[in-house]
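Asker: After the structure tokens below, expect a handful of questions from me.
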Amino acid sequence: MRRDIFQAIADPTRRAILVLIAVQAMTPNAIAEHFDITRQSISKHLRILSECSLLDQKHDGREIYYELKIDKMKEIDVWLAQFRKIMEQKFQQLDDVLFTIKNKKK
């Protein structure tokens, strides 16, 4: 099943996993040590993140290391950019109003 990238970041545990593996590649067991949930739950979250193409798996002997596919995160950034632009415009409008009010008081 192909999942949408926004399904991956909808869950706080998956967001926390992304933050962990953004720093360094980790095994599922190493990831699980950071959470108070079952190893099965971690595996489910890793599967969803992989289905969203946010993770790469690297095999080192019997160990599997998960790495963040940072280029895939750009999709989220592009989507968020539209909101950044809107907010920047609103802040600029607020700055203009405050500047006008300040100058009227002088």
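Asker: Search the range 89-105 for residues being open to solvent by 100 Å² or more (accessible area, probe 1.4 Å) and of a type in the set (D, E, K, R), and hand back the single one that is modelled with the highest pLDDT.
Answerer: Lys90
Asker: Please go through the range 77-88 and give me each residue that is open to solvent by less than 100 Å² (accessible area, probe 1.4 Å) and of a type in the set (D, E, K, R), ordered by number.
Answerer: Asp77
Asker: Can we say Lys74 is over 19 Å from Ile17 (Cβ atoms), in a helix (DSSP H, G or I) and open to solvent by 90 Å² or more (accessible area, probe 1.4 Å)?
Answerer: no
Asker: Taking helices (runs of 4 or more DSSP H) that do not extend beyond the range 4-64, which have at least 1 residues that are loosely packed, with under 13 Cβ neighbours inside 10 Å and of a type in the set (Val, Ile, Thr)?
Answerer: Here the list reads 12-23.
The values are calculated or read from the model by the stated rules, or taken from the named source; none is laboratory data. Please read all numbers here as calculations on a predicted model, not as lab measurements. All Cβ positions, even for glycine, are placed from backbone atoms using ideal geometry, and neighbour counts span all protein chains on display. Surface accessibility is based on the protein's heavy atoms, side chains included, excluding ligands, DNA and RNA. Shrake-Rupley method; radii C 1.70, N 1.55, O 1.52, S 1.80 Å.
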